[in-house]
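First comes the structure, then the notes that go with it.
The values are calculated or read from the model by the stated rules, or taken from the named source; none is laboratory data. Since the model is a prediction, treat every value here as computed from it, not as a measurement. Glycine gets a Cβ as well: all are built from the backbone with ideal geometry, and neighbour counts include every protein chain shown. The area values use the complete protein model at the heavy-atom level, side chains included, leaving out ligands, DNA and RNA. Shrake-Rupley method; radii C 1.70, N 1.55, O 1.52, S 1.80 Å.
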Amino acid sequence: MKTSLNETVLLIVKYYGRKKLRARLESIHENLFTDPVKISFRERILRMFQ
Amino acid sequence: MVVENALSLASPDILEDLPGLYEETFPAVASFVSKMGGSVDDAKDIFHDAMVIFFEKNIRPDNPGAYILGIAKHLWVRKYHHDKHRVELDNNIVIPEDEKLPISTKLLRLIEISGKTCLELLQAFYYQRLSPERIANVFNYSNAHSATVQKFKCLEKLRNTVKQKSLGYEDFVE
């Protein structure tokens, strides 16, 4: 596949931004499932899968 | 400039309230995945993929939660095609095919390490779509103009890095 330099640069920036967004989503998820303050949220979700 | 129009952009205001949107929206997606026989991890994976698509679409529907659930349903059917008759899809929602990076993960890693500061700045402009004023504040530039000048320098630097590292360009393509 022939890709121009500009397109490659754009994709790299997009990839990097997406990677950061995914890391942030992971961090929020981790917090929701470990923070004692969020226990009712966690239990509500886990009940769905019992 | 090509770059200005070609990237899909995220809405910064929504990004700022990401934890709130997550807490509000994840239960509906989890409930859907549960009904389809998936696990909590499946729900998380589908939800994160749906959130990324939602932000990159750069739209502001009246009900973001319903829209994200709609994306999640499409993603579920894409992944588990046999469930397509069990899921009512919103045909107004189109999910993109994922682009494949035209460079190897090894080269990408090198770029990430050597040009981290510039990548941070560029993704703030083009992916998070923060204003130059906000970026100047976040990155400690004296004003918006300085931030914009630095953005163009970074674009040039990244172009040059890719060009240099890709002298045997096809060698880096996976």
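Tell me, which residue of the range B:23-56 that is in a loop (DSSP other than H, G, I, E, B) and free of Cβ contacts under 8 Å to residues at least 24 places away in the same chain is least open to solvent (accessible area, probe 1.4 Å)?
Applying the first criterion (in a loop (DSSP other than H, G, I, E, B)) to the range B:23-56 yields B:36-39.
In the following step, the residues that additionally are free of Cβ contacts under 8 Å to residues at least 24 places away in the same chain were identified as B:37, B:39.
On the way: B:Gly37: 66, B:Ser39: 49 Å².
Among those residues, the one meeting the criterion is B:Ser39.
Does the range B:57-83 hold any residues that are open to solvent by 50 Å² or more (accessible area, probe 1.4 Å) and acidic (Asp, Glu), and which are they? Residue satisfying the conditions is B:Asp62 alone. Of all positions in the range B:162-174, at least one carries a residue that is more than 30 Å from B:Asn63 (Cβ to Cβ), among the acidic types (Asp, Glu) and within 12 Å of chain A (Cβ to nearest Cβ).
Take the range B:99-108 and flag every residue that is of a type in the set (D, E, K, R) and under 18 Å from the mean Cα position of the chain (by Cα). Break it down stepwise before answering.
Narrowing the range B:99-108 to residues of a type in the set (D, E, K, R): B:99-100, B:106.
Matches in the range B:99-108: B:Glu99, B:Lys100.
Scanning the range B:115-135 for residues that are closer than 15 Å to B:Lys153 by Cβ and more than 18 Å from the chain's Cα centre (by Cα) yields B:Gly115, B:Thr117, B:Pro132, B:Ile135.
Checking the stated criteria, B:Arg159 turns out not to satisfy the condition of being within 17 Å of the chain's Cα centre (by Cα), over 15 Å from A:Tyr15 (Cβ atoms) and within 10 Å of another protein chain (Cβ to nearest Cβ).
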